[in-house]
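For reference, the structure is listed below as C-alpha cells.
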Amino acid sequence: MSSLPHATRTVKTALALSLLLGSHLIPTTTAQATDKPCPQGTCESAWKAASKDDKEQANAFGEPYKAFLSRARTELLTVAAVREAAIRQGFREWTPGTRVEAGDKYFHVNRDRAMALIIGGRAPIADGVRIVASHIDSPRLELKGRPVDEGQGFALFQTNYHGGIKTYQWTNIPLALVGRVDTKDGKTVEISVGLGADDPILMIPDLSPHTARDQMKKSARDVVAHEELDPIVAHGPHGEDGKFSAGTWVFQHLKETYGIEAADLVSAELSLVPAMKPRDMGLDRRLIAAYGQDDRLAAYASMMAAFDASRLPHTTIIQFADNEESGNVNVSGASSTYLPDLVSELVYAELGEGYRQPLFTRTLRASKALSIDVNPGVNPMSPGAWELTNAPRLGYGVNIKLYGRGFDANSEFIAWTRNALDEADVAWQTTTYKVGRAGGGTLGKELAKLNIDTIDFGVPLLSIHTPVAVADKMDVLALKKAIAAFIAHKD
C-alpha cells in the first residue's frame, strides 16, 4: 500500500482474511454520461472521467482484492475465505426454518464448495427476491485417482483438466498443490504446497528450442497434449543406497507428512493451480495480473456489495456456485436444485402453514437475477478477434452482455437495469461477440430455467482462461458498484 496514494476514506482490513474492506468504504465514482452506453464506440474510459479520489479508491480497492485472490485459489478455499469474512461482518449461519427479516444477514454453505449470502429486505420474500450469481471455480489441473507415475528417474503426477485451457500455457510455470483428502475413517486432511514463500513448487517441463523441431511443426492445439500435463513431483532414488524410487518416496512422504495412504488419493480433491501471487501490472499500476479472476473477480465484488448492503427493498441472495467451468454440474453447481430449494425454504419460513407450491413458483416469477461472469476484453495484440463496435474494453466499466439468439434478457428488464446503473452513476458498456464465434450465458441459463428474469453482466479481462489473467482496477470497483445498484434499485 505504501506505493499507492492515500484514499480519502479510510480503508479497513477485515480480520477474517487480513484483506477485506469493511462497510461504507467505497464511494461512488464518476462515470461516463448517464443517458447512454457506448454508441458506435464513442464512450470513454472511466479513468478519463474519474477524479483523483475515484482513482485512489480504485487503487485502494485493488489491494484487498489481490489478497483475496492470493488465498482463494479453489472453490474450497474461496468458500472458507468468504465464510470467515462474512462472520467478521456480522453474518450468521442460516438454518432451515429461520425466518429472514429486514436487515438480517446470513450465510449458508453447500458442501464446502458453494454457498450463499442472504440479506433480508423490506418486502415479503413471497414478493420476489434479488439474486446475484457468480461461480468460484477456475480452469486448473486436477490429480487423477491414481496419480503417481514414474519415468526417466522422475516421479510425475497424472492429471486431468477442469475448464477450457490452452495446454501449452501450463508448462514451465510454478504450480501449487492444494485441496483435501478424505479417508475412510472420516478424517479430512488439508494439503497446500507451493503457495508459501519457502514451499517447493511443481512444474510441467517443456522441450527446449534445441530439441523441439518436431514439436514446433504441430498446431497450437497439439503442441502439448492434455495427457502430457504431468508435473514433476520428485526426482532420483531415495533412501540408503538409493533403494527407493522417486515414486515410492512420494507415497512415503505422503504417509509421513499427512498420514494418508495411496488408496486415500481416490477420495481426494487435489488441484494444481498457478503458484504466482497476484501483482499490479503496468508502470501506472492500473491493472491486476492474477490467477483465478474468472470468476472470483465477480465473487469478490458480490461479497463486498453484500457487506455494504443496508435497507434493501427485497431480500437478496448472493450465490457462489461451483463447477461452471465444467457445465454447472454436480450438487454444488448451478444446475442443481440448491438455489430453488433455498428460496423455497425461505418462503416456507415466512409463510409457515400457509405455504403452497404456487406461492413458491410465484416468488420465482417475481424475482430478478443478475448472472455475472468475466469475458474476454479487447486485446491490443489481436483487436481483430472482436467486432470492435460491440467489443468490451478494459477500463470502460461493466458489460451488459447482449448475446442475441435468444440468450438476452428481455428489453424491459435491460431498460430496468440501465436505469439502476445510471441512477447509481456506474460506468457500463455493452458486449456482443463476433457472430457465430462464441457461446451464450453460463449461470444465467440455469436461473432462467426457474422462470426468473435474468440479465448477464461481465467484466473484460485480457488472457482469460490462462494461468494469469489481467483486469482493470476501475472495472473491479465498477462491478461492485453495479451489484450494489442492482440489489438496491426499487421496482
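Tabulated data
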read-out: Any hit, the stretch 88-100, residues being part of a helix (DSSP H, G or I) and either closer than 21 Å to residue 489 by Cβ or at pLDDT 95 or above (or both); value: yes
read-out: Where residue 49 falls short, out of the listed (1) of a type in the set (A, V, I, L, M); (2) modelled with pLDDT of 95 or more; (3) more than 24 Å from the chain's Cα centre (by Cα); value: (2)
read-out: Candidate set: the stretch 167-188, residues that are of a type outside the set (D, E, K, R) and assigned to a strand (DSSP E or B); chosen: the one surrounded by the most Cβ atoms within 10 Å (Cβ to Cβ); value: 175
read-out: Looking only at the stretch 189-200, and only at residues there that are surrounded by 14 or more Cβ atoms within 10 Å (Cβ to Cβ) and outside any loop (DSSP other than H, G, I, E, B), the one that is farthest from the chain's Cα centre (by Cα); value: 189
read-out: Number of positions in the stretch 230-262 that are closer than 11 Å to residue 151 by Cα and polar (S, T, N, Q); value: 1
read-out: Residue within the stretch 270-284 that is touching a Gly at 6+ places or on another chain (Cβ under 8 Å) and within 19 Å of residue 472 (Cβ to Cβ) present; value: yes
read-out: Test: residue in the stretch 313-322 that is charged (D, E, K, R) and crowded, with 24+ Cβ neighbours inside 10 Å; value: yes
read-out: In the stretch 374-393, the residues that are crowded, with 23+ Cβ neighbours inside 10 Å and either assigned to a helix (DSSP H, G or I) or touching a Leu at 6+ places or on another chain (Cβ under 7 Å) (or both); value: 374, 377
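The values are calculated or read from the model by the stated rules, or taken from the named source; none is laboratory data. This is a predicted model, so every value here is computed, not measured. Counting neighbours? That spans all protein chains shown, and the Cβs are built from the backbone with ideal geometry, glycine included.
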